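S.K.: Structure in C-alpha cells, see below.
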Amino acid sequence: MTATPNMEFVNDIIANGGESVNMCFQCGTCTASCPSGRMTSFRTRRLVRMAQLGMKDETLNSDELWFCTTCYSCTERCPRDVAIVDIIVAMRNLAVASGKMYEGHKKTAQSLIKNGHTVPINDEVKAQRKALGLPEVPPTVLASKDAKKDFDKIMKATGFKKIIGE
Amino acid sequence: MAKAKYAFFLGCIAPLRYPGIEKSTRDVCAALGIDLVDFNDASCCPAPGVIRSFDRKTWVAAAARNLALAEKAGVDILTICNGCYGSLFDAAHELHEDAELLKEVNTILAEIGLEYKGGTTVRHFAEVIYNDVGMDKVKKAIKNPLDLKVATFYGCHFLKPSDIKQLDDPENPSMLDKMVEATGATSMYRKDKMMCCGAGGGLRSEFSDFAMKFTEENLKNMKDGGAEVIVDICPFCHLQFDRGQKELKGYSMPVLHLSQLYALALGMDKKELGLDAHLTPVKL
C-alpha cells in the first residue's frame, strides 16, 4: 500500500486542538495503557505516528479512530505531556467535517438537536419521575420552549446540523 | 464561610433514564446541608465523548450557555455525572485559559442575550460530599449502617485529566472508597480497578460489542474480588453496568449511584431510590 502524505494534516490537527501532536516520540506508553487496545485493533501510538506522517485519508477513514473511549489513561501516563485525547478529538472533528459519520453517532447528534439532550424523554420515565414526586418533565430545555429556542440558536450559529450531514 | 448554593445540573441519563439518582441526590443533599436550587433551562452538557468528538466548537458553545446561565443566577454548578462534570469543568477551564476562545464563544452567546464572564465553578456531587461535607459529618448522619461488599467505580472523567481536576491520585485513588466505607460497607480490592466501563467516546452508541468487552472484564474483576454491589458516581457508567449485565450471561450485580447508596445509609425509604428503573434487579 502506498500512502500519499498530506503535510497540511498535522497543521489541521494543531488548529483543531491537537497542539502537542509533534511532541510524541513514539515510546508506546499510550498503547500499553489503552484498555481499548487490549480488545480492539486500535493502537494509540500508531494513530499518532500516522498523523505526524500526514496520512490523512488513512486515519480519517479508519474505524480505529473511533475505538477510543476518551478514558485519558494515555494522557495521564505520557512522558512527553502529549494531550492524546485532544489529538484524537481533533482528528474525529476533521473526519466528521469531511462527511464521515456513523449512524449510531448521528442518532445521538440528532437527539441533541431535537431534544437538547442526548436521549429523549419517554412515557415510562415520566411515570417513574411522577412516582418519585419529581416533575414529570425535568426543568431543563425540555420544560421551556424559550430555552429550547435559545439552544437552537446556539446550534444554528455553530452550524452543527450541517456538520453532521443533516 | 458563606454557605454555598449550587445549581443542580441534571444532565441527560439521570433525569431521563434513572430518575432515582436525581431524587436520591436531592434527598441526600438536603440531609447533609448542601443547598441545591433547580437549574432551569439547561441542556445536555454536551457529552464530551460524542458531541465534542463531532464538533468541538458546538461542544464548547453549548457548554458555555450552561455555564453562563449559572453565572447569571449567581450560583455554582453541581453535577452528578462524570460526563457532565468532564464537559462543564473542562469547557470552563478552556474558556478561562483561552481569551480568544472566550471571545468567540461570547459572540455566539450574544445572539441569545448571554455573556459568559468566566466565573462559574463546576463541582461533582461526590467531591462536594468528600471535601466540603467531610467524612466525619457523614459518619454521624448514618442511620442505617450498610453491611455490603462494594466494587467502587470512579469512571474516567471524574479524576482525569488530573492536571486540571486535581482531586485525587488518578492511578490509585481512595476518595470514593472512603465515602463508601463511611456507610459501614467494605470496598473490595480488585484487579484493574481504574479501567473504563466502555461506554464513553461513542463506543456504546456505535461499537457496543467492544464497549461490552470493557464491561465484562470489569464485572469479572469485580466478581473475582468478592464484590456484591457496584457503586458508581456517573449515570452513564451506571447505565453501562446495569443494562450491560442484562445482555451478558452470568452476572447480576446490583448497580447503585453513590447518591442512592447514601440515601439508603441515611435512612431513606428504599422506594425513594427509584430502583424499578434498574434492569439488573437491586435486592439489598
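The values are calculated or read from the model by the stated rules, or taken from the named source; none is laboratory data. Keep in mind it's a predicted model, so treat the numbers as computed, not measured. All Cβ positions, even for glycine, are placed from backbone atoms using ideal geometry, and neighbour counts span all protein chains on display. For accessibility, only protein heavy atoms count, side chains too; no ligands or nucleic acids. Shrake-Rupley method; radii C 1.70, N 1.55, O 1.52, S 1.80 Å.
S.K.: Within segment A:126-134, identify whether any single residue is modelled with pLDDT of 95 or more and touching a Ser or Thr at 6+ places or on another chain (Cβ under 7 Å), and answer yes or no.
M.R.: no
S.K.: Is there a residue in segment B:148-164 that is assigned to a loop (DSSP other than H, G, I, E, B) and farther than 16 Å from B:Tyr85 by Cα?
M.R.: yes
S.K.: If you don't mind, another one. Among the residues of segment B:191-211, write down those that are facing chain A (nearest Cβ under 7 Å) and at positive phi.
M.R.: If the condition is that a residue be facing chain A (nearest Cβ under 7 Å) and at positive phi, then B:Gly198, B:Gly201, B:Gly202 are the ones that fit.
S.K.: B:Gly86 fails exactly one of the following numbered conditions: (1) within 9 Å of chain A (Cβ to nearest Cβ); (2) more than 18 Å from the chain's Cα centre (by Cα). What is the number of that condition?
M.R.: It fails just one condition, (2).
S.K.: Let me ask something additional. Do any strands (runs of 3 or more DSSP E) lying entirely in segment B:1-116 carry at least 1 residues that are buried (at least 22 other Cβ atoms within 10 Å of the Cβ) and of a type outside the set (Ser, Thr, Tyr), and which ones are they?
M.R.: Passing ranges, in order: B:5-9, B:76-79.
S.K.: Identify, by number, the condition in (1) within 30 Å of B:Lys270 (Cβ to Cβ); (2) touching a residue at least 12 places away in the same chain (Cβ under 8 Å); (3) buried (at least 21 other Cβ atoms within 10 Å of the Cβ) that A:Ile87 doesn't meet.
M.R.: (1)
S.K.: Considering each of B:Asp136, B:Asp132, B:Asp177 in turn, give the residue that is part of a helix (DSSP H, G or I), without any contact (Cβ under 8 Å) to a residue 24 or more places away in the chain and closer than 30 Å to B:Lys270 by Cα.
M.R.: Matching residue, one of B:Asp136, B:Asp132, B:Asp177: B:Asp136.
S.K.: In segment B:197-212, what residues are crowded, with 19+ Cβ neighbours inside 10 Å and of a type in the set (Ser, Thr, Tyr)?
M.R.: Of everything in segment B:197-212, just one residue is crowded, with 19+ Cβ neighbours inside 10 Å and of a type in the set (Ser, Thr, Tyr), namely B:Ser205.
S.K.: In segment B:137-196, which residues are more than 24 Å from B:Thr79 (Cα to Cα) and open to solvent by 30 Å² or more (accessible area, probe 1.4 Å)?
M.R.: Residues satisfying the conditions are B:Lys140, B:Lys143, B:Asn144, B:Pro145, B:Asp147, B:Lys149, B:Gly184, B:Thr186, B:Met188, B:Tyr189, B:Lys191, B:Asp192.
S.K.: Taking the residues in segment A:128-151 that are open to solvent by 60 Å² or more (accessible area, probe 1.4 Å) and part of a helix (DSSP H, G or I) as candidates, determine which candidate is farthest from B:Ala63 (Cα to Cα).
M.R.: Among those residues, the one meeting the criterion is A:Ala131.
S.K.: Quick one: A:Lys162 ticks every box in (1) more than 7 Å from chain B (Cβ to nearest Cβ); (2) in contact with a helix residue (DSSP H, G or I) (Cβ under 8 Å, 6 or more places away or on another chain) except a single one, so which number is it?
M.R.: (2)
S.K.: Here is a list of conditions, (1) polar (S, T, N, Q); (2) out of contact with any strand residue (DSSP E or B) (no Cβ under 9 Å at 6 or more places or on another chain); (3) open to solvent by 10 Å² or more (accessible area, probe 1.4 Å); (4) free of Cβ contacts under 8 Å to residues at least 40 places away in the same chain, and B:Thr215 meets all of them except one; can you say which number that is?
M.R.: (3)
S.K.: Oh, and also: Does A:Val85 meet the test of being among the β-branched types (Val, Ile, Thr), under 30 Å from A:Arg38 (Cβ atoms) and at the interface with chain B (Cβ under 7 Å from one of its Cβ atoms)?
M.R.: No; evaluated as a whole, the condition is false for this residue.
S.K.: Still on this structure: Just a yes or no: is a residue in segment B:117-134 more than 20 Å from B:Ala70 (Cβ to Cβ) and of a type outside the set (Val, Ile, Thr)?
M.R.: Checked segment B:117-134: at least one residue is more than 20 Å from B:Ala70 (Cβ to Cβ) and of a type outside the set (Val, Ile, Thr).
S.K.: A further question follows. Report, ordered by the first and then the second residue, all pairs with beta carbons closer than 9 Å, sequence separation of six or more or different chains, a first member in segment A:123-141 that is more than 7 Å from every other protein chain (Cβ to nearest Cβ), and a second member that is among the small types (Gly, Ala, Ser) and open to solvent by 20 Å² or more (accessible area, probe 1.4 Å).
M.R.: Close Cβ pairs (under 9 Å, with a partner that is among the small types (Gly, Ala, Ser) and open to solvent by 20 Å² or more (accessible area, probe 1.4 Å)) amount to A:Pro135/A:Ala143; A:Glu136/A:Ala127; A:Val137/A:Ala143.
S.K.: Separate question: Return yes or no: is A:Leu65 open to solvent by 20 Å² or more (accessible area, probe 1.4 Å), within 18 Å of A:Asn6 (Cα to Cα) and within 14 Å of the chain's Cα centre (by Cα)?
M.R.: Here the answer is no, as A:Leu65 does not meet what is asked.
S.K.: State whether one or more residues within segment B:116-130 are under 18 Å from B:Pro170 (Cα atoms) and of a type in the set (Lys, Arg).
M.R.: Yes, because at least one residue in segment B:116-130 is under 18 Å from B:Pro170 (Cα atoms) and of a type in the set (Lys, Arg).
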